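Notes to accompany the following structure.
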Amino acid sequence: MLTLTASSCDERPFTREDAMAVPHSVIQVGEYRDKDWEYVDSNGVTQKLNRCEDESPWTVEYRCTSPDGAVELTFDNSKYDRMKDAVLHIDGKDVPLDCINGGFWTDGKMFCMPNSATPEPTRNLMLGSGPFRVALLLSLELPNGSFSGVLAWHSLIHRAPAALPMAPTEFQHVLWSEGRLLVGSVQGKAGDVLDNAATEAY
């Protein structure tokens with residue numbers, strides 16, 4: 001059985017726990033769609049920020065300040081572009097942030113670390129101790145007829161719609177003649193971009 005999933009190997013640059021341990025990081029709290037954040041101060045202590053406010057009905061710019069007004073988080077956040085241009089304004093400095101979420105199988109909440117502190121990727125195998133390899137979805141480089149079944153679990157959603165017709169041909173190469181294909185996906189309108197995915201998805 002061949003399992004294809006975009007989530008089986010999580011090579012995110014850092015984890016939520018990493019962010020919570022680094023001064024000047026910020027962590028989203030509350031519910032996924034809430035704009036509630038905390039920041040890590042210079043002493044490594046987590047502090048609350050007031051709920052972020054939309055700066056204008058015409059933009060996607062948000063601003064959150066600490067209760068005393070001394071610390072401020074600014075960022076852009078749209079349905080399609082996700083979170084970008086995040087900066088923590090603290091101790092008279094503007095600290096650019098690198099922001100991600102916990103991955104497809106998590107609650108989708110974001111967390112950010114200073115660009116200067118981003119460590120090497122954290123490797124997290126989520127499918128147990130079986131054989132694992134990284135390959136291109138449309139070029140698996142496996143022998144023909146290698147598997148009795150293919151499970152494409154939430155992997156096809158990360159392909160642009162125009163590229164989808166090529167995937168079954170590649171699956172057919174690696175399947176036995178009587179092999180089976182099972183595809184896991186999400187319900188929605190064709191071509192729409194998902195707003196809660198770890199990376200671009202349709």
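For the residues ASP94, ASP68, the requirement of being in the same structural domain as ASP34 (by TED's automatic domain parsing) and either touching a strand residue (DSSP E or B) at 6+ places or on another chain (Cβ under 7 Å) or at pLDDT below 80 (or both) singles out ASP94. Checking each residue in the stretch 23-64 for being exposed (fewer than 13 other Cβ atoms within 10 Å of the Cβ) and not in a loop (DSSP other than H, G, I, E, B) picks out only GLU53.
The values are calculated or read from the model by the stated rules, or taken from the named source; none is laboratory data. Computed from a prediction, not measured in an experiment: that's the story for all the values here. We place every Cβ from the backbone using ideal geometry, glycine too, and count neighbours over all the protein chains shown.
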